[in-house]
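Novice: What follows is a structure written as structure tokens; I'll ask about it next.
The values are calculated or read from the model by the stated rules, or taken from the named source; none is laboratory data. Values in this document were obtained by computation on a predicted structure and should not be read as measured data. Cβ coordinates were reconstructed from backbone atoms using ideal geometry, including for glycine residues, and neighbour counts include every protein chain displayed.
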Amino acid sequence: MGLTGILLYVYLLVHLLGNIGMLAGAERYDRYGYLLLHQMSELIIPIEIALILAFVLHVYLALSLARENKAARPVAYAMKKNSKANNHTAAMTFTGLAIAIFAVIHIANFRYGGAGMGGMPTVTYDGIEMHDLYGNMLRAFSHWWYTLGYVVAMLLIFSHLSHGIQSSFQSLGFNHPKWSPMLAWGGKAYAVLISGGFILLAVWAFFQHGGMPS
């Protein structure tokens, strides 16, 4: 779980840096998407497959851990003694499953233009037709309910990251009285950076109005 978690944490940072490009305007962002999805497809597709496998494995291991913890505490005293750890595991399982559901919806919308978004629009630059990722993004976030749901999902990601980063490194042996507090602080700071960055972009997109009624 630690290794797959760290891989996904790094991906979130890369994804955030890529999304910041939307602030440069429609053509720059659409060309960035075309570069990744078409011109660099031989590299990006294996990376996407690896990320999907890491994500599925992470969820599977989380559910397996939750089952093992439940089976290991049949006695009421043991449950009381380990209540903090049990609550932590339950919270991580809940936020993880919620994030998994969000990820499916998110990919359907912004990779394929699905889930009620009306299909992926296209745009042409210099005679090259490409997905209008910028327009699709503005169209989705022009709806207040979609933006609100996205913000809630990012808050769940904040909760998951703020606890999960330290746990991931501890599972790999980084557990020391001197370094553990720094890992805990660093995990929370990283969670603020990732979730806060995505929330700011979503709110910015919402106020662009994207040409659709809310």
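Novice: Can you find a residue that is at negative phi, at pLDDT 85 or above and surrounded by 14 or more Cβ atoms within 10 Å (Cβ to Cβ) anywhere in segment 81-94? Full working, then the answer.
Specialist: As a first pass, look at segment 81-94 and keep what is at negative phi: 81-94.
From what's left, at pLDDT 85 or above: none.
No, that holds for no residue.
For every residue, the table says whether it meets (1) in a loop (DSSP other than H, G, I, E, B); (2) touching a Gly at 6+ places or on another chain (Cβ under 7 Å).
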| residue | (1), (2) |
| --- | --- |
| 138 | no, yes |
| 150 | no, no |
| 178 | yes, no |
| 182 | no, no |
| 185 | no, no |
| 194 | no, no |
| 198 | no, no |
| 201 | no, no |
| 204 | no, no |
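Novice: Can I ask one more? List pairs: first residue in segment 47-64 and over 16 Å from residue 164 (Cβ atoms), second residue surrounded by 12 or more Cβ atoms within 10 Å (Cβ to Cβ) and not hydrophobic (A, V, I, L, M, F, W, C) anywhere in the structure, Cβ distance under 6 angstrom, at least six positions apart or on different chains.
Specialist: Qualifying pairs under 6 Å: 51/11.
Novice: Follow-up question, since we're still on this one. Would you call residue 21 touching a helix residue (DSSP H, G or I) at 6+ places or on another chain (Cβ under 6 Å), free of Cβ contacts under 8 Å to residues at least 24 places away in the same chain, of a type in the set (Gly, Ala, Ser) and assigned to a helix (DSSP H, G or I)? Step through it out loud before you land on a result.
Specialist: Details: touching a helix residue (DSSP H, G or I) at 6+ places or on another chain (Cβ under 6 Å): yes; free of Cβ contacts under 8 Å to residues at least 24 places away in the same chain: yes; of a type in the set (Gly, Ala, Ser): yes; assigned to a helix (DSSP H, G or I): yes.
Yes, satisfied.
Novice: Inspect segment 113-128 for any residue being at pLDDT below 85, more than 22 Å from residue 22 (Cβ to Cβ) and surrounded by 18 or more Cβ atoms within 10 Å (Cβ to Cβ) and give the result as yes or no. Explain how you work it out, then say what you get.
Specialist: Pass one, segment 113-128, residues at pLDDT below 85: 113-121.
In the following step, the residues that additionally are more than 22 Å from residue 22 (Cβ to Cβ) were identified as none.
No; the residues of segment 113-128 include none that is at pLDDT below 85, more than 22 Å from residue 22 (Cβ to Cβ) and surrounded by 18 or more Cβ atoms within 10 Å (Cβ to Cβ).
Novice: On the given criteria, is residue 198 crowded, with 19+ Cβ neighbours inside 10 Å, modelled with pLDDT of 90 or more and closer than 19 Å to residue 94 by Cβ?
Specialist: When the stated conditions are applied, residue 198 does not pass them.
Novice: In segment 27-49, which residues are closer than 24 Å to residue 193 by Cα and among the small types (Gly, Ala, Ser)?
Specialist: 33
Novice: Where the second residue is modelled with pLDDT of 65 or more and the first is farther than 17 Å from residue 1 by Cα and lies in segment 80-107, which pairs have Cβ atoms under 6 Å and are six or more apart or on separate chains?
Specialist: Short answer, once both residue conditions are applied: 98/156; 102/153.
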